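What follows is calculated from the coordinates using simple rules that are stated; it is not laboratory data. What you see is a predicted model; the values in this text were computed from it and never measured. Ideal geometry is used to build each Cβ from the backbone, glycine not excepted, and the neighbour counts take in all protein chains shown.
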C-alpha cells in the first residue's frame, strides 16, 4: 500500500515524530527551579544560554511545583544587607520529594552556627576539592568583589575564602584560618554558599571563565542530567581576544578610545560639583561613589580626579578617587593633546589646555611659595590640591611624570606657554637631589624651610627605591 493513499498511516507517523520531538524537548529542560528576582545574574545567564527552567518568588512555591528529583536554588537577592531566610520546613519538604537545595547567604540553618557577616579584605576564594574537574582544579583562586560572607563550620568544603599567596593558584596551600564558602550538607540534601555566588556578572567576579566553570559544576552537582554550557558577556572585557588579528589602525583606535574614556569617565570635575567636592576634600575624604550616567562632564578648568578605586564593590561599582594630582592632570592633558593633534578633536584640545592651566595656575600647585624665586621650594610642583595633606608634599616621581607629560602635551597643542614652569621644575628637582644622584621620596615644604635646598643638594643621600628615583633619572 502506498503511503500517500493511507491517511491513517500518515497521521500515525506524524504522531510518532511529534512525540519524539516532545521527548527531546523534555530532555533538554532544566531540572532547576530558581527562587530569585528575574534580574539575578545566574538566572539570566542560565536562561540566556538556551536552558529552560522555572522561577518563583518563594521557596514554598518552588518546592510545591518542583518535580521529584529536581533542584531548587534559593538565591540571595538581598545581599549583602539581607540574608536568605530558610526554615526547617523547606528542608523537610525537599527531603520528602528528593529535591536538592542550593542556598546562598543563609540567615540561619538548623544545626549550623552562622556567625555575623564578615567583609573580605585580602581574602580570595580558593577551590578546596576535586569536585569541579580539571578545568577548575584544587587550589585554583577565584576573586569575588568585596565579598560579604558568613563564617561557618563545615567539613570538606568545596571552596573556601582565605588569604593566600599566588596569582591563579594558592601556591602555599590553604591556611587554617580559611572559612568555608561552598559546602555540602548531606543530611539536608543541600549545597550551602556562605556568600552570594550568583552575582558573578554584576559583581564582575574573576576570572569570568572560571566562574562559568564553577557554576556549570554546581549545576551538575544539583542536577546531574543537566548539561549546560553557560554563555554571557562580561560587564568589562578586553577589546581583543588573544587570537584576534589586530586591525591596521589599532594604534590610532587606541588613542581615540583612550581619549574618549577620559572624556566620558565622569572624572573631569564639572562646575556643578566643584564646590561640593572642595568641601569633601577639605574634610579629608578621599573617595566618593561613581558618577551617575547623566552627570555633567567638566571641561578641565577644575581639573580631573585621580581615577577610580582599584577595589570593586559587590555590585560592580568602583568609587572615584578624589585627589586632584598634578601628574594625573598633566598626563591626561598629554593623552587628550595627542588625540586632538592626530584626529583634529577640538574638545580634547580645549580640555588639554584647561588641564595644564589648572595645574600651573589655577590650582595653586605651582603658586605661593613655589612661585617665589627666593624660597627653597621654588619651582617644585605640589603633589595635589585643596586637601590639607597634599599641597605640602613634593614627590620627585610625581614631578618627573608631570614634566615630560607637559612637554609632549604642549608640543601637540602647538604652544610654549608652560616652558618656564617646566624649566623651574627641572631646576628645583635637580637642586634637591643629593650629590650621589639620589633624592628622597618626598621633600616637603617644612623640611625645605627648615634646612634650605642646598642641604638636600649637598647630602650624600642613598635611597634604593626605583619607583621614586628612576623617574627623575629618566
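So for the pair residue 392, residue 346, with labels modelled 7 Å out along Cα→Cβ, what separation do we get in nm?
4.6
Once you sort the root eigenvalues of the Cα gyration tensor of the range 250-473 as a ≥ b ≥ c, which label holds: rounded (a/c under 1.5), prolate (a/b larger than b/c) or oblate (the other case)?
prolate
As I understand it, the value is the acute angle between the Cα axis of helix 396-413 and the longest principal axis of the Cα atoms of the chain; what does it come to in degrees, rounded to 10?
90
FRET efficiency for residue 155 and residue 319, Cβ-Cβ distance as r, R0 = 56 Å, nearest 0.05?
The value I calculate is 0.90.
Got a sec? How would 65, 314 order by Cβ neighbour count within 10 Å, fewest to most?
Ordered by Cβ neighbours within 10 Å, fewest first: 65, 314.
Give the peptides 445-456, 209-220 in descending order of average Cβ contacts within 10 Å, highest first.
Descending mean neighbour count gives 209-220, 445-456.
For the ranges 405-411, 225-231, what's the packing order if you count other beta-carbon atoms within 10 Å of each residue, average per peptide, and put the highest first?
Put in order of decreasing packing, that is 405-411, 225-231.
Once R0 is set to 35 Å, what does the formula 1/(1 + (r/R0)^6) return for the Cβ-Cβ distance between residue 139 and residue 236, expressed as a FRET efficiency to the nearest 0.05?
Efficiency, rounded to the nearest 0.05: 0.85.
Can you put 55, 325, 204 in order, fewest other beta carbons within 10 Å first?
55, 204, 325
Pulled fully out, how much extra length does the chain show between residue 464 and residue 254, if you take 0.36 nm times their separation in residues and subtract their Cα-Cα distance?
72.1 nm
Full extension from residue 37 to residue 473: what is 0.36 nm times the residue separation minus their Cα-Cα distance, to one decimal in nm?
151.3 nm
Give the separation of the Cα centroids, the range 284-358 to the range 234-249, in Å.
24
Rounded, prolate or oblate: which one fits the chain, using the alpha carbon gyration tensor with axes a ≥ b ≥ c (rounded when a/c is under 1.5, else prolate when a/b beats b/c, else oblate)?
Because a/c hits 1.5 or more and a/b exceeds b/c, the chain counts as prolate.
For the range 395-474, go through all pairs of different Cα atoms, get the mean of 1/r, take its inverse, and jot down that Kirkwood value in Å.
With all distinct Cα pairs of the range 395-474 included, I get 13.3 Å.
Pairing the Cα long axis of helix 7-28 with the longest principal axis of the chain, what angle in degrees results, from 0 to 90 and rounded to the nearest 10?
50
Provide the convex hull volume over Cα atoms per residue for the range 81-189, in Å³.
111
Using 0.36 nm per residue of separation minus the Cα-Cα distance, give me the extension gain between residue 115 and residue 146 in nm, one decimal.
Additional length available on full extension: 9.4 nm.
R0 = 25 Å: FRET efficiency of residue 95 with residue 58, Cβ-based, nearest 0.05?
0.85
Helix-derived [θ] at 222 nm for the chain: sum -39500 (n - 2.57) over DSSP H runs of at least 4, divide by residue count, nearest 500?
-11000 deg cm²/dmol
What is the fewest-to-most order of 442, 370, 96 by other Cβ atoms lying within 10 Å of their Cβ?
The fewest-first ordering by Cβ neighbours comes to 96, 442, 370.
Hey, what angle do you get for helix 419-431 against the long axis of the chain, alpha-carbon based, 0 to 90 degrees rounded to 10?
So the inclination is approximately 90 degrees.
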